[in-house]
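Below you'll find the structure, written out as structure tokens, and then a few comments.
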Amino acid sequence: MKKRNKQKNKNNNIAIRVEKVSKTFRVPHQKINSMRSAFVNIFNKKTYEEFIALDEISFEVKKGEFVGIIGKNGSGKSTLLKILAGVYEADKGKIIVNGGVSPFLELGIGFNPELSGRNNVYLNATILGLTKKEIDEKFDEIVKFSEIGKFIDQQVKNYSSGMKAKLAFSVSIHAKRDILLMDEVLAVGDVAFQYKCMNEFEKYKEQGRTVVLVSHSIDTVREYCDKVIFINDSKIAKSGNPEEVCDEYILKNMTKEQIEEQGVEKEKKKREKE
Amino acid sequence: MNNKKHESYKELIWMLAITDFKLRYQDSVLGYLWALLQPLMMFLILNIVFSSIFASGGAIEYYSLQLITSLMLFIFFSEGTSAGLSSLVNKAQLVTKIYVPRWTIIVASTINAALIFLMNLIVIIGFFAYYKLMPDIGSILMFIVFIIALYVIILAFSLIAAPLYVKYRDLTIIWSVALQALMYLSPIIYPLSMMDEKWHPLMLTNPLAFIIHFNKEALINGHYATTTQYITFFSIVIAVLILGIWSYNRNAKNIAELI
């Protein structure tokens, strides 16, 4: 059904490889965040609790794959994404990333409300790793995709939140890295814009670029992902076929009543018919 | 690939610095004049209060000129270090939401301070023109070298302090008190000659005091430091830079979790 990516070399087929990655956070009972409290508590024993966010996670993502990561709040999804993005360092394990990463953990990083849309495009795109020359070339395209039009030279503080998000999204999309990491950023913009974005991601696949999406929107995940990873209690509970994994996730995380309401069974049958 | 990376870091640093710079002056000449009011007011007050004390009996020629030169250098130091100190926390988004090398954020804040200093340089030049004093070429070259050294000190301090500020959020208060002390420990409002000779070597181990003192001496009086003094000074500057890089590598690792 899905087009295979055009990569011929098999060894080069992997976009992301994660091997036994663990991450533990130390949560102190009494947080020391000033010199004063460090001084006052100098003789006190420092106690803390360890919170295991990720426990020996391993998986692979092939080039051109659209991978969804699901799991309930606090299960470690975002931590995983931040490790892939390089924001956090893993305590243990190995991560291999082939190609440039464009993290999408938040839209419009560095946007400054006092600056015009134009200046913000340059600022944000530079932060995402584009050079001035590249931005110059892509600028018109970015503005066109964002649907901002003549407002581009206005200060961003006068934009509506939707406009801001669209502009930010447009810049991010045009950053054109090999691997995109997204943390629940699709919930912005109107329906038409969302549709446009998902279409854009479909194109990514054809170009052999990889998308990793963290989402709570099971429908989106079912519809677009080639592979889904379900993280539960810091471990991978199930991964593989989107339908199966999503069903598993719903079964594990909802009460019986909720499941009945959702009608998972009904949906399954419906799919079988199709 | 690697080359492209370095190229894009350069562009990133420049973009961050120039954005802050533009925001400060709001992209206009009047914005720049407005930003000059603060140092000029400070100069005016200090000049009125202290020129009568230090310049009475003609003890110091060109007191105002000495004051404005030292003051601008000190403001460069004080604003540069303060901006560097809070750079990572102020740009927390760049630390927690994306990966850019954290030092680029710190370097950008110090570059911004350097740009502001270059703007303030116009005032110093204006003062020299007003007093019709032309420093000799050697002292101007010396001045440039000193500015670079001062920048290196600011950068080194920022590399040490920015990651620490993530952990200790009252460092800004502590540093502003320390800056007050440093202002009076450096020969800004008074000439070093007012002090007993035996204190001079100790005073001049403070690189900030050294820069301020010998800048004034060279530009206005044509006096230079001795070779030994230069060697000591540059050794201290290099040591501070090494300390800064070492400290940064030690402390900057896990700041994304703490910020």
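Other protein chain C-beta atoms within 10 Å of residue C-beta, averaged over A:98-108: 2. For segment A:82-165, a simple Cβ point-charge model (Lys and Arg +1, Asp and Glu -1, everything else neutral) yields a dipole of about 120 debye relative to the Cα centre.
Dimensions of segment B:68-208 from C-alpha coordinates, computed as largest minus smallest value along each principal axis and given longest first, are 53, 32, 21 Å. Summing charges over all other residues whose Cβ lies under 15 Å from the Cβ of B:I160, with Lys and Arg as +1 and Asp and Glu as -1, gives +4. Evaluated at q = 0.13, 0.27, 0.28 Å⁻¹, a Debye calculation over the C-alpha positions of segment A:167-238 (equal weights, vacuum) places log10 I(q)/I(0) at -0.40, -1.52, -1.60.
Hey, what D do you get for the protein assembly as shown in µm²/s if you plug the Kirkwood alpha-carbon radius into Stokes-Einstein at 37 °C and 0.692 mPa s? My calculation gives 122 µm²/s for D. Note on A:122-133: average number of Cβ atoms from other chains within 10 Å of each residue's Cβ is 5.
Neighbours of A:S34, meaning other residues whose beta-carbon lies under 13 angstrom from its beta-carbon, give a summed charge of +3 when Lys and Arg score +1 and Asp and Glu score -1. Normalised Debye scattering of chain B at q = 0.08, 0.09, 0.13, 0.17 Å⁻¹ gives log10 I(q)/I(0) of -0.35, -0.44, -0.90, -1.40, counting only Cα atoms as equal scatterers and leaving out solvent. Rg ratio for segment A:34-83: its Cα radius of gyration over 2.2 N^0.38 Å, N being its residue count, equals 1.91.
Relative contact order of chain B: 26 percent, from C-alpha pairs under 8 Å at least 6 residues apart in sequence. From helices alone, the protein assembly as shown scores -19000 deg cm²/dmol at 222 nm; the rule is -39500 (n - 2.57) for each run of n ≥ 4 DSSP H residues, then divide by the residue total. Of the trypsin sites (Lys or Arg not before Pro) in segment A:32-85, the ones in a loop by DSSP (not H, G, I, E or B) with at most 16 other beta carbons within 10 Å are A:K45, A:K46, A:K72.
An ellipsoid equivalent to chain A, defined through the eigenvalues of its Cα gyration tensor, has semi-axes of 31, 30, 20 Å when rounded to whole angstrom and sorted largest first. Only the Cβ atoms of Lys and Arg (+1) and of Asp and Glu (-1) were treated as charged; on that basis the dipole of the protein assembly as shown about its Cα centre amounts to roughly 1280 debye. A Förster radius of 56 Å combined with the Cβ-Cβ distance from A:V191 to B:V145 puts the calculated FRET efficiency at roughly 0.35. Stretching B:V177 away from B:I125 to a fully extended chain increases their span by 15.7 nm, per 0.36 nm per residue minus the current alpha-carbon distance.
What net charge do the residues around B:W14 carry, taking every other residue with its C-beta under 13 Å from that of B:W14, with Lys and Arg at +1 and Asp and Glu at -1? Result for the neighbourhood of B:W14: 0. Of all beta bridges that DSSP places with both ends in chain A, some 55 percent have antiparallel geometry. Size descriptors for segment A:80-192 (Cα atoms only): Rg and Dmax, in that order, 14.8, 50 Å. Shielding value for B:96-106 is 5, the average number of Cβ atoms from other chains within 10 Å of each residue's Cβ.
Laboratory data are not the source of any read-out in this text; all were calculated from the coordinates shown. Note that the coordinates shown come from a computational prediction; the quantities given were computed from them, not determined experimentally. For neighbour counting, all protein chains shown are included, and Cβ atoms are generated from backbone atoms with ideal geometry for every residue, glycine included.
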